[in-house]
Every structure is written in structure tokens, then in C-alpha cells.
Amino acid sequence: MTGKRGTAVREGSETRPVEDRSNGSIIEARGAQKVYDTGEIKVHALKGVDLSIRRGEMVSVMGPSGCGKTTLLNCLSGLDGLDGGEVLIEGEPLSKMSDRKRTRFRAEKMGFIFQSYNLIPVLSGVENVELPLLVAGVKPREARRRAHEALALVGLDDQAGKRPAEMSGGQQQRVTVARSLVNEPAIVWGDEPTGALDSETSSEIMDLLVELNEEREQTFVLVTHDASVAHRGHRIIRMRDGLIESDRANGEES
Ligand SMILES: Nc1ncnc2c1ncn2[C@@H]1O[C@H](COP(=O)(O)OP(=O)(O)OP(=O)(O)O)[C@@H](O)[C@H]1O
Ligand SMILES: [Mg+2]
């Protein structure tokens, strides 16, 4: 696995070259803590997580329900703030960024694949996929072209004109994969990205993610309950009760 090529980001875009101050780690958590305070009870969902993920790694996160996996993704990606510790992306602390910068950073560098598809029902497949590009200011014609490309990549270009309700679950999930990849993000976060799919469709989606990981050096962090999905990655992190219980290269596990 390399960790160097990522210093040059997309060509021909407004994105500046990334100055790598991070010793090759694209994501780092230092003593990350998260407490949910519902008024009556406090839930210590992350109890001081230390973690470093290198550019181009594909990391699986496993662990029992409620152990903090989704919370970890939300905090690493800056969707949610921490109550202690720090998260650095490409060496830059998320907490030091303004909300605006953090949002822009996410739009430019991150893609999200969640289990609930979050597709917009009144929009067609291609319209759903092009949306993040339009939000990021890409011209409509260019956005449409790239959305078709992304749909072709997931084998769905023939469904581009359909609305989500007219597609199968697997097809909808592939639209969300296309949407998460359309801006060629450096980091793709997945929370049970194949959770709603049968094993065949799930393995097709994983083939695609592995290919993108290898060809484009995109970094993937995928939460999954499915061991066959987890074992496609380079590394498996197991969480328990708000902490990392084990963190091993794939294949090292007994
Ligand atoms: N918004 C919230 N308010 C209060 N408590 C929360 C909130 N979100 C999560 N929690 C609690 O934090 C802990 C971690 O939740 P989290 O969603 O991260 O678990 P998870 O590992 O993703 O579980 P699952 O596998 O079921 O998705 C749980 O005890 C959960 O009840
Ligand atoms: Mg979860």
C-alpha cells in the first residue's frame, strides 16, 4: 500500500494541492470522546479513541450494536463534534475549522454511503447523483455528464431516468454509491453500505469499492456486521463499549 500519491488532488479543479503534514495518515483520532446527553442519562459513546488511517487504506469497523461505530464515523467525518480529544484530517484539526470550511471540506473530499439510501424521491437516478456536484458549483452540463459516468461505473446507466421508488433495493444502493463517488472524494465513509442487500449484490458492490480503492487510491472506512464484507478490507477494527478492542491487518485475525 502506498501513501504518497494523494498529495496531488483532482486535476483541473479548484481544489488546492494538499500539504501533507500528517505522516501519511489521512485521518487521525487522538483520544476522541463523545458523550450524548439526553437530559436524563449521559451516554459515553466514545471513551477516548486513538486511531490512524493511511491514505488508500480500506478499513472495516465491526462490533456489537451500540458500541459506537456510527458515532465514530460521524465524529471522524466532522458530521458531529467531539466532547474531548481531536480528529485530524490530512493533518488538519477539524475543531479548528470554521463550520463553513468543514462543510466545504466534506463536500469536496468526502463521500457517504449509508444504509438508508437517503435518495430524493422526486428526483431521477441521474438527478440524485448529480446533486452533490451542483451543490459544489459544477456547471449543470458537466454535472450531468459526470453523473452518467458514475452511474455507468455502478452498472446502472440504463436506469438513470427512473425514480428511486421504481428501482430495487440493490439498484437504489448502487445509486447511493454512485452519488458518494461522483465527486471523486479522497475518503468514502460507509455505514452498513451493503446492509440491505442480498449476498450476491453485496459482493458486487464490494467488488466495485475494492476496485476503486485499488485504482484511485480512495480511502474507505466501512462499518459492517458482515464478516465477508469486512474481510475485503486491508484492516479490521473491532470496537466494544466506546473503545477500540482490536485493530489488525486483515488475515492476522484468528
Ligand atoms: N443521538 C443520540 N442520543 C443519545 N444517545 C445516542 C445517540 N446516538 C447514539 N446514542 C448512543 O450511543 C451509543 C453508540 O451508538 P452508535 O449509534 O454509535 O452505535 P453503533 O455501534 O453504530 O450501533 P449499531 O450497530 O446498532 O448501528 C449507544 O449506546 C446509543 O444508544
Ligand atoms: Mg450504527
Handout entry: Yes/no for Glu214 being away from ligand 1 (no atom under 16 Å from the Cβ) and either farther than 30 Å from Gly48 by Cα or out of contact with any His (no Cβ under 7 Å at 6 or more places or on another chain) (or both)
Key = yes
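Do we find that Ser228 is more than 27 Å from Gly78 (Cβ to Cβ) and either within 18 Å of the chain's Cα centre (by Cα) or among the polar types (S, T, N, Q) (or both) in this structure?
When the stated conditions are applied, Ser228 passes them.
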Exercise for the section: Determine if the stretch 166-177 includes at least one residue that is at pLDDT below 95, among the aliphatic types (A, V, I, L, M) and more than 30 Å from Gly66 (Cβ to Cβ). Expected result: yes
Exercise for the section: Can you work out which of the residues in the stretch 25-45 that are under 28 Å from Ser228 (Cα atoms) and more than 8 Å from ligand 1 (Cβ to nearest atom) is surrounded by the fewest Cβ atoms within 10 Å (Cβ to Cβ)? Expected result: Ser25
Exercise for the section: Kindly list the number of the only condition in (1) away from ligand 2 (no atom under 16 Å from the Cβ); (2) within 16 Å of the chain's Cα centre (by Cα); (3) buried (at least 21 other Cβ atoms within 10 Å of the Cβ) that fails for Leu212. Expected result: (3)
Practice task
Please enumerate the residues belonging to the stretch 52-72 that are buried (at least 20 other Cβ atoms within 10 Å of the Cβ) and more than 8 Å from ligand 1 (Cβ to nearest atom).
Solution key: Ile53, Arg54, Arg55, Gly56, Glu57, Met58, Val59, Ser60, Val61, Met62
Completion exercise
Taking the stretch 56-79 and keeping residues within 10 Å of ligand 2 (Cβ to nearest atom), of a type outside the set (Val, Ile, Thr) and within 27 Å of Arg216 (Cα to Cα) leaves Lys69, Leu72, Leu73, Asn74
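With the requirement that a residue be more than 19 Å from Ser199 (Cα to Cα), without any contact (Cβ under 8 Å) to a residue 12 or more places away in the chain and surrounded by fewer than 16 Cβ atoms within 10 Å (Cβ to Cβ), what does the stretch 151-186 give you? Spell out the reasoning first.
Going through the stretch 151-186, the residues more than 19 Å from Ser199 (Cα to Cα) turn out to be 151-153, 157-166, 178-186.
Within this subset, residues satisfying the condition of being without any contact (Cβ under 8 Å) to a residue 12 or more places away in the chain are 152, 157-158, 166.
Scanning the stretch 151-186 gives Ala152, Asp158, Glu166.
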Handout entry: Failed item, numbered, when Gly190 is tested on (1) in a loop (DSSP other than H, G, I, E, B); (2) within 16 Å of ligand 1 (Cβ to nearest atom); (3) surrounded by 18 or more Cβ atoms within 10 Å (Cβ to Cβ)
Key = (1)
Problem - Yes/no for Glu204 being in a helix (DSSP H, G or I), surrounded by fewer than 21 Cβ atoms within 10 Å (Cβ to Cβ) and at pLDDT below 90 - result: yes
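The values are calculated or read from the model by the stated rules, or taken from the named source; none is laboratory data. Small disclaimer: the values here were computed from a predicted structure and weren't measured. Don't worry about glycine lacking a Cβ; one is built from the backbone with ideal geometry, like all the others, and counts go over all protein chains shown.
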